[in-house]
Each structure stands twice: as structure tokens, then as C-alpha cells.
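The block underneath contains the structure these notes are about, expressed in C-alpha cells.
The values are calculated or read from the model by the stated rules, or taken from the named source; none is laboratory data. Predicted, not measured: the structure shown is a model, and the values here were computed from it. Cβ coordinates were reconstructed from backbone atoms using ideal geometry, including for glycine residues, and neighbour counts include every protein chain displayed.
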Amino acid sequence: MSTLRLNGETITLEGVDPAMPLLWLLRDHLGLTGTKFGCGKGLCGSCTVHLDGEPARACVTPLSTVGDKEVTTIEGLSSDGDHPVQKAWREHGVPQCGYCQPGQMMTAAALLERRPHPDDEDIDGAMTGNLCRCGTYQRIRAAIHTAAEGK
Amino acid sequence: MSSSDERSIDVVNLSGDLSRRRFLAGLIGTGGLLLGVSGQAACGTFASFAGTAADEPFAPDVWISLAPDGALTLVAHRSEMGTGIRTSLPMLLAEELGADWQNVRVLQAPGDRAYGDQNTDGSRSVTQFYEVMRRAGATARRMLEQAAADQWGVDVEQCTAAEHQVTDESSGRSASFAELATLAGEQSVPADGALRYRDRKNWRMVGGDNAVPLADEQGLTTGQGLFGLDVRRPGMLHAVIARAPVLGGTIESYDEDAAMAVAGVRAVVPIPGFQGPHAFQPLGGLAVVADNTWSAIEGREALAARFSSGQHGSYSSAGFREQLLATANDDGRLVRDDGDAAAALSRAAKTLSADYYLPHLAHAPMEPPCAVAEASADGCEVWAPTQNPQGARSEVANTLGLSEANVTINVTLLGGGFGRKSKPDYIVEAALLSRVTGRPIHLTWTREDDLHHDYFHTVAACHMEAGLDDDGAVTGWLQRSVFPPISSTFAPFGSPPARQGGGGELGMGFSDVPFAVPNLRVENGEADGHVRIGWLRSVAHVYHAFATCSFADEVAHARGQDPLESLLQLMGDDRMLDLSGVRGGRPPSQTHPWNVGRLNNVIRLVAKRAGWGRKLPRGRGLGIAAHRSFLSYVANVIEVEVSADGVLTIPKVHVVIDCGVAVHPDRIRAQMEGAAAFATTLARHGEITAENGAVVQDNFDTYQLATITSAPQEVDVHIVHSDERPSGVGETGVPPFAPALCNAIFAATGQRIRELPLAHHDLSWS
């Protein structure tokens with residue numbers, strides 16, 4: 001039996017293999033499906049969550065390495081979808097299919113915590129590991145600037 | 001959907017049809033107005049291989065319900081994979097009806113022929129249903145206005161619907177749609193001639209910017225949008241499948257005990273291989289079923305399954321490339337014959353020729369193929385991201401020996417489709433596993449599965465020849481393309497249909513090449529398919545546009561002319577393209593004729609917007625390309641920077657699109673922006689290769705996608721204001737991109753790129 005600090009709560013885990021990546025715990029055991037599976041190798045960013053506010057790839061984060069770090073998923077980013085990043089995403093019409101966007105928004109939110117007024121270079125540097133097959137990059141960049149102004 | 005003739009639109013009042021209402025139970029409420037609308041404007045785009053049945057006595061494509069509480073429900077029969085179609089089509093209806101968008105609900109139809117043509121591919125949803133939606137809206141509006149007129153005893157001509165109510169213009173009194181819904185349901189359907197369509201200048205939503213929010217935007221920004229991978233059912237188990245690396249390979253050995261020893265693994269289930277042409281059948285293999293996805297993946301590792309190679313075990317991309325190029329340089333099957341190209345080429349003062357080669361590509365939607373199936377003894381219910389729910393339904397019914405009536409296909413949001421999710425093989429796999437295990441099964445394709453076993457975009461070689469006279473005029477033209485065709489997936493190996501390019505593929509920017517050359521010959525060479533071949537965003541336009549638009553630039557250089565000026569000269573006068581020289585294939589669209597003037601217009605516009613002709617230093621350059629696809633016209637000017645040591649950046653892409661009436665301009669821009677990134681992937685990085693029959697690329701480290709840094713930094717999109725019929729948008733931004741990019745690289749560095757991806761080329765200069 002172990003515990004996990006998740007989206008502001010502490011939950012108890014029973015019978016879960018500590019080697020299991022956080023992604024599958026979230027999706028298959030806890031039903032938090034906002035965190036997406038895209039590659040399983042930490043190559044696409046679809047599964048990005050925050051560990052103590054830092055972006056992390058849940059698909060290559062074994063539970064055993066989470067320890068008592070606070071895990072934040074897209075479901076815990078805001079109470080009703082009103083984080084400045086989420087609002088900016090809607091304002092700019094960023095999502096096309098939308099599948100990678102939780103990971104994009106989690107990476108963007110962590111960037112803005114670290115650097116409240118990023119320039120294009122900061123944004124490109126932070127977001128370059130988050131793939132979007134629909135190609136929404138231009139709007140992601142614009143939405144991050146808008147979110148920075150709104151913070 | 002093969003006819004290019006316009007079909008009539010039928011509207012039927014189903015308000016009192018109890019069996020139809022029972023059919024829709026759960027989707028709509030009781031009472032009020034219920035209309036079914038069928039018919040499709042011609043679209044003449046790529047014929048579907050998936051097939052759609054239009055043989056039902058009356059199969060509406062569109063169902064509209066106006067409930068007694070005023071809620072307007074539209075049953076969405078198209079799949080949402082990122083184009084915004086769940087917004088654009090309802091918006092057309094709401095505009096014509098005079099509905100308040102706040103009262104519009106969009107519900108997703110399950111797969112059923114009763115919902116008309118649901119097969120969402122070929123960039124044809126708006127093309128095909130623009131007029132249907134408007135007719136539906138105008139009809140419902142007239143019925144509401146008539147209901148109000150009857151109630152008030154006034155002439156219907158003085159009653160006007162807007163903002164969810166009908167107003168009597170003479171007295172100013174009004175009645176809400178809610179009050180009128182039931183009375184409207186008692187009206188007979190007015191003839192088309194009695195309908196009043198809103199004038200374009202009065203549109204409030206259609207054609208405007210951000211007039212209505214995307215139907216799914218809240219879910220897509222909160223992690224609540226339901227994709228196929230997100231479906232959960234009580235008692236559900238998770239599965240992954242080990243499949244033969246080589247198409248048609250069979251199981252040789254595996255260690256079931258080792259797999260079962262992995263914690264959480266419940267079963268190892270063999271899945272039979274396909275019979276005959278693979279089509280949409282599962283590939284076969286060994287499924288590992290477990291309590292969670294991770295255990296299933298770990299179990300599959302432990303299984304250490306080995307497979308035989310079968311007949312395709314010697315397929316290797318390097319050797320196949322040589323074969324394709326050799327075939328492309330040999331005489332081929334005649335596809336189009338204008339004048340006498342051979343004679344013109346032999347008489348030419350100057351000739352040039354070039355070969356172009358593009359590799360296989362994978363769709364790689366960010367959500368890989370996946371499905372949830374719940375089979376019982378006499379039925380099966382499925383939740384899946386599918387572009388083709390009716391195809392999924394019939395495949396599941398056939399495989400499980402069920403009647404289609406007992407198979408339900410629920411369509412979730414698609415985390416990308418790009419053509420991959422038109423093929424329901426993965427849905428059949430989940431259904432089979434549920435049947436065998438007696439449990440709901442959640443099947444995941446890992447990224448490795450997706451890249452190893454895709455229905456790949458084909459590999460292609462094109463040979464081009466042009467002859468110039470003493471003045472530099474192009475007098476003769478020969479072009480030949482060779483590629484394993486899509487029909488190799490559906491026809492017996494080695495049979496002519498499995499080796500020859502289909503009329504659909506050749507009609508994609510090749511047999512309809514628009515160049516004004518009096519002697520022009522188009523040919524196709526034969527090639528076998530050794531992996532599953534499918535259709536990917538823009539399909540054959542990808543390689544045909546690359547060859548024709550790149551070679552057009554080579555012609556400009558050969559005759560010492562500015563590429564823009566040369567391109568316009570090659571396109572020739574504004575005219576309807578004469579395609580009488582085309583042999584076989586599908587007839588050109590009657591509703592959307594091939595209008596060279598519209599292509600010339602987007603070329604001139606994009607050149608102007610890009611500041612064509614400005615002087616740029618070495619290492620920077622502009623490239624131009626233009627192409628018609630999916631009945632729309634797109635031109636690109638791309639600006640590149642190539643550092644002396646060969647690092648490429650794409651500061652700006654200029655796009656001009658003419659897609660007729662622009663229904664949802666913001667989504668059109670989004671599709672053009674996205675197409676630039678999608679095409680960046682194929683131009684810079686995209687390549688699937690096989691060795692000994694097996695695909696080499698495993699994941700996004702070896703099959704790289706464009707990132708925020710490798711994609712164009714800025715895409716400027718201009719939409720031509722047009723009153724022409726709407727035409728395709730989702731795919732049409734892709735084809736001109738790669739040739740425009742490579743033409744720009746030539747302008748910047750003098751290096752001509754004839755093979756993709758660019759990752760293989762050293763772009764350094766000195």
C-alpha cells in the first residue's frame with residue numbers, strides 16, 4: 001500500500017506495481033483519461049503532467065519515482081477549465097483534433113510558472129518536445145503569449 | 001459516391017413517424033418537428049474504397065429535431081477528427097433556419113445506413129452537404145413560418161424567422177420556436193421553389209470569423225473530450241496484439257507461460273490471419289489480455305512471439321526504389337494523350353528530364369488506432385474513433401457472424417484520422433477479442449504497432465520530360481508515375497488491379513495536369529504492394545504535385561525565366577481544362593469544373609502577398625507552387641533560410657486558397673496552418689522503409705514529426721472571396737507545400753531536391 005498526492009488530494013494505492021508508469025495508473029486505474037498515450041517512450045509529450053510543478057512525461061515515470069511529489073494532471077489544472085492557458089487555447093481556437101492538447105497545455109502552464117512573460121524562443125524551447133500531428137503550433141505560440149498577458 | 005451528377009435533395013416530414021422516432025430514441029426527445037433530409041450535391045472527389053450504400057428506401061443524411069422546448073438537435077453524421085465539421089455543418093443549418101446557436105445541440109450518430117453517408121474522408125463533408133444543410137434549414141424555417149401564419153391567420157410572406165422566433169412583420173407580434181415546434185411538425189414539406197434562402201450579406205454565422213465557438217472546445221481544453229482511447233466499460237480488460245512484422249506472416253512460436261506470468265495478464269488469445277486480399281481484415285497475431293494496458297504491453301514483451309516471413313519477406317525499400325525508378329523510365333500504360341508528345345519531344349530544340357521519388361509515409365495520428373468492444377452471444381457494441389462507422393459495422397457483423405442490426409458502432413472523437421481511421425481492422429480485432437473472452441475489451445495499438453502495421457501512404461516514383469522550342473516555349477511533355485496502388489489492398493496479389501494506378505489516384509493532379517502544352521502524354525507504370533497501402537491526407541496528390549510543381553520550376557530555370565512568370569505561362573489562359581485526352585478514369589465533376597482561371601488567380605494573389613521578386617541574399621529564397629485538389633485551388637509561396645552549414649528554417653509560408661464559399665473561415669485557416677505542418681513532416685522528416693519485409697521505424701525517434709521549431713514559424717492564409725460552390729479544405733493545403741519548399745531551397749542554394757525527405761540531403765553551400 002502506498003499513497004499518491006494527486007490534484008490536491010492524497011489517495012491510497014493498493015496492489016499497484018511500483019514499476020508501472022504513472023500514465024497507466026492515471027488512465028487505467030484512476031479513470032483520469034485527460035492524460036493521453038501517444039508514444040510510451042517520452043517522445044511526444046501527450047502524457048505531460050506536473051510533478052511539483054515541473055513538466056514530466058507520465059509514460060516514462062514509474063510510480064516508484066513519484067514519491068511524495070504532487071502530481072497535477074489536466075483535470076487538476078483548474079477547477080472549471082479557466083486556467084489562463086485553457087482560456088487562451090479557446091480564444092485562439094487552438095485545438096483541431098485536440099488529442100495532444102492536454103499535454104501541450106500542461107507544458108505551457110509549467111512554462112508560464114517558470115517564466116511569466118516568455119518570448120518566442122522561450123516558447124519554442126519549452127514546447128518543442130510536444131508533438132501535434134494536426135499542426136497547431138502557430139496558434140499554440142500565440143495562445144501562450146495571450147495567456148501570459150492574462151496572468 | 002462515384003457519380004459526378006447532382007442528386008436531388010429530398011426532405012421528408014417525419015414528425016408523426018413513430019418508428020423513426022423510436023429509432024432515434026435517446027438522441028432526440030418526443031414531439032415537435034422532425035425532418036429527415038437526404039441527398040448530396042455532387043462532389044467528384046476521390047471515390048471511397050470503403051463503399052457506402054444509398055440503396056435504402058429513404059436514408060436521410062441529416063436529421064433535425066426541434067423539440068417543444070425549443071431545443072434544436074442535429075444528428076451529426078460525420079466524424080470529428082479536427083476539421084471542425086461538428087460545428088460547420090450545424091452552423092449552416094442554424095443560419096438558414098434562423099436558430100439561436102445557444103439552443104443548438106449536436107449529437108453524434110452511431111454507424112447506420114439510416115444516417116446516410118457517414119464515411120468521413122475525401123475532404124467532402126462541406127462540399128457534399130452544404131446545399132443539403134441549407135435546404136434542411138430553409139425547409140424547417142418555412143414550416144415554422146407557415147405554422148405561425150396559420151395561427152395568426154396572416155400571409156406567410158410577412159412572417160420571418162430569426163433568433164429562434166417567428167415575427168409577423170406587419171404587427172410585430174412574435175412566437176418562439178418552442179411554441180411553434182409542434183404546429184410546424186403538422187405542416188407538409190414545402191416545395192423547394194417556395195423556400196427563401198438567406199442572402200449571403202445577411203449571414204450572421206456562416207462565412208464570419210469566430211461567430212460560433214467550436215462545438216467541442218470546452219471538452220478539448222479540459223481533458224474531458226471523449227476519444228476512443230478514453231472509453232471505459234464495466235468489467236473491461238485491456239489488450240495489445242503481437243502481429244507478424246511481415247504482411248501475411250504466420251505464428252511460429254511464442255511463450256504463453258512467460259506472458260501469463262506477468263502480473264495482471266489474464267489470457268493470450270490467437271487471432272486468425274486474413275484470407276485473400278487483406279482489405280479491412282485483422283492482420284492476425286496473438287493478443288495479450290490484461291487488467292491494464294501496461295500489463296498487456298509487458299505480457300506481450302514476455303510472449304516473445306516469432307512469425308514467419310511469408311511472400312513479402314524480401315521486400316526492401318532500397319531495392320524497390322531502384323525498381324520503381326527503372327519502371328518510371330520505361331514505357332507505361334497510357335493515361336492521357338494530347339497531340340503527339342513523342343514527336344514533339346524528339347523535335348525539341350532543348351529537352352530536360354527528371355526523376356522524383358517519395359517514400360512510404362505513416363499516418364501516425366496522435367491517438368493511435370484503438371477500440372472498445374462489448375460482444376454478447378447475439379450482438380456487439382463498439383466505441384471507437386472511426387471515420388467509417390458503417391464500414392466498421394459491416395466488418396464486425398461479417399466477422400462475428402451477426403446481422404448488422406445487432407451491431408452498434410458508437411463514434412467517439414478522433415485523435416487525428418488522416419485516412420487511417422477509415423480502415424476498421426482495429427475495431428474488428430477488439431470485437432473478436434471480446435467475443436472470445438466474454439469481456440468488454442479495450443484494444444490499444446502502441447505507437448510501434450501503428451508505425452509497423454499502418455495502411456501506408458504509397459511509395460512513388462515519377463519521371464518527367466519536357467521539350468522546349470528555340471523561343472523557350474514548352475512544346476512537348478511526358479510524365480509517368482509508378483506506385484503500388486491502394487487497390488493492392490483489395491485485389492489479389494499480382495492481378496492487374498493490384499498493380500495499376502487507379503483512375504482515382506491518377507486523377508489526383510496527374511492525368512489532370514493543367515499545363516497548356518499542345519503535346520502532352522501521361523502514363524502509369526505497374527508496381528506490386530508488399531505492405532498494406534491506404535489513403536493518407538491528400539493521397540496521390542502528394543507525389544503528383546511534388547513531381548509536376550517541382551518540374552515546372554525546373555522548366556523555368558531551363559529557359560532562364562522567373563519561376564512565377566514561367567508558371568503562369570505554363571498554366572496558360574484562364575479556361576476550363578480540356579480533359580478529353582484522358583483515357584478511362586472517372587468523368588470530371590460537372591458541378592465543380594476544372595477552372596484554370598481560379599488556379600491562375602491564387603497564383604497571382606499569393607505572389608503579390610509574398611512580395612514575389614524581392615531580392616534576397618544567398619541562403620534565402622522564395623519558392624512557388626500551385627495545385628488543385630479536392631476541387632479547391634491552393635497556391636503557396638514559401639520563404640526559406642538555409643545556413644551555409646545546411647540548417648533549414650522556414651520563416652514564412654504564404655497560402656492562398658479558393659474553396660468557393662468559405663463556410664467557416666477560421667477553421668479553413670486552421671486547416672491550412674495544419675497542412676503546412678503536416679506537409680513539413682513529409683518534406684523534412686517523413687519516411688517509412690522496409691527491410692526484409694518488415695518496417696524499420698518504431699516510434700517518433702525514428703519517424704519524426706514536425707515540431708514547433710521545424711514547422712513553419714508563420715503561416716499567412718488568405719481565403720479568396722468566392723460565390724462558387726464550396727469545395728474541399730481538409731487535405732487541399734498539403735500538396736503544393738513540399739514542391740514550393742524545395743523550389744525555395746533551389747532559389748536559396750542552387751540545390752535541386754528530387755527525393756524526400758530532406759533529412760537525407762546535405763543542404764550546406766559555400
Problem set entry | Members of the range B:122-178 that are part of a strand (DSSP E or B), among the aliphatic types (A, V, I, L, M) and touching an Asp or Glu at 6+ places or on another chain (Cβ under 6 Å) | B:A161, B:V166
Exercise. Does the range B:645-654 contain any residue that is charged (D, E, K, R) and within 21 Å of B:A675 (Cβ to Cβ)?
Worked result: yes
Exercise. Only one of B:E80, B:E157 is surrounded by fewer than 24 Cβ atoms within 10 Å (Cβ to Cβ), of a type in the set (D, E) and more than 22 Å from B:T591 (Cβ to Cβ); which?
Worked result: B:E157
For this session: Working only within the range B:686-710, note down all residues that are assigned to a loop (DSSP other than H, G, I, E, B) and in contact with a strand residue (DSSP E or B) (Cβ under 9 Å, 6 or more places away or on another chain).
Result: B:G686, B:E687, B:T689, B:V696, B:Q697, B:Y703, B:T709, B:S710
Exercise. Within the range A:46-56, is there a residue that is more than 7 Å from every other protein chain (Cβ to nearest Cβ), more than 21 Å from B:G299 (Cα to Cα) and hydroxyl-bearing (S, T, Y)?
Worked result: yes
Problem set entry | Residue within the range B:662-682 that is surrounded by 24 or more Cβ atoms within 10 Å (Cβ to Cβ) and more than 14 Å from chain A (Cβ to nearest Cβ) present | yes
For this session: Scan the range B:625-643 and report the pairs whose first residue is touching a residue at least 12 places away in the same chain (Cβ under 8 Å) and closer than 11 Å to B:A545 by Cα and whose second residue is among the small types (G, A, S) and part of a strand (DSSP E or B), with Cβ atoms within less than 7 Å and a gap of 6+ or a chain change.
Result: B:A626/B:A635
For this session: Output the residues belonging to the range A:75-110 that are under 14 Å from A:D52 (Cα atoms) and either free of Cβ contacts under 8 Å to residues at least 60 places away in the same chain or of a type outside the set (S, T, N, Q) (or both).
Result: A:G76, A:L77, A:M106, A:A109, A:A110
Problem set entry | Residues of the range B:703-728 satisfying the condition of being in contact (Cβ under 8 Å) with a residue 12 or more places away in the chain, out of contact with any Pro (no Cβ under 8 Å at 6 or more places or on another chain) and within 12 Å of another protein chain (Cβ to nearest Cβ) | B:Y703, B:Q704, B:L705, B:A706, B:S710, B:A711, B:V715, B:D716, B:V717
Seminar exercise, completed: Wholly inside the range B:539-654, helices (runs of 4 or more DSSP H) that include 2 or more residues that are of a type in the set (D, E), modelled with pLDDT of 95 or more and at negative phi are B:541-558
Problem set entry | Options A:T136, A:T61: the member that is more than 8 Å from chain B (Cβ to nearest Cβ) and crowded, with 19+ Cβ neighbours inside 10 Å | A:T61
Exercise. Is there a residue in the range B:40-49 that is more than 14 Å from every other protein chain (Cβ to nearest Cβ), modelled with pLDDT under 90, over 28 Å from B:R198 (Cα atoms) and touching an Asp or Glu at 6+ places or on another chain (Cβ under 7 Å)?
Worked result: yes
Exercise. Out of all the residues in the range A:17-28, which are farther than 10 Å from B:W294 by Cβ and over 17 Å from the mean Cα position of the chain (by Cα)?
Worked result: A:P18
Exercise. What tally of residues in the range B:354-374 results from selecting those that are part of a loop (DSSP other than H, G, I, E, B) and more than 9 Å from chain A (Cβ to nearest Cβ)?
Worked result: 3
Exercise. Within the range B:294-326, restricting attention to residues that are among the polar types (S, T, N, Q) and more than 29 Å from the chain's Cα centre (by Cα), which residue is farthest from B:P270 (Cα to Cα)?
Worked result: B:Q323
Problem set entry | Selected residue [small (G, A, S), touching an Asp or Glu at 6+ places or on another chain (Cβ under 9 Å), within 30 Å of B:N692 (Cα to Cα) and more than 10 Å from chain A (Cβ to nearest Cβ)] from B:A215, B:A259 | B:A259
Problem set entry | Single residue of B:A344, B:A373, B:A328, B:A302 found to be buried (at least 21 other Cβ atoms within 10 Å of the Cβ), among the small types (G, A, S) and assigned by TED's automatic domain parsing to the domain that holds B:T412 | B:A373
Exercise. Only one of B:D723, B:D701 is of a type in the set (D, E), touching a Leu at 6+ places or on another chain (Cβ under 6 Å) and over 16 Å from B:I603 (Cα atoms); which?
Worked result: B:D701
Seminar exercise, completed: Expected single match for farther than 13 Å from B:V335 by Cβ, crowded, with 24+ Cβ neighbours inside 10 Å, in the same structural domain as B:L599 (by TED's automatic domain parsing) and among the hydrophobic types (A, V, I, L, M, F, W, C) among B:V474, B:V482, B:V517, B:V522 is B:V474
Seminar exercise, completed: In the set B:A239, B:A258, B:A191, B:A267, the lone residue that is modelled with pLDDT under 95 and on the phi < 0 side of the Ramachandran plot is B:A191
For this session: Identify all residues within the range B:288-316 that are free of Cβ contacts under 8 Å to residues at least 60 places away in the same chain and within 13 Å of chain A (Cβ to nearest Cβ); write none if there are none.
Result: B:A290, B:D291, B:N292, B:W294, B:S295, B:E298, B:G299, B:E301
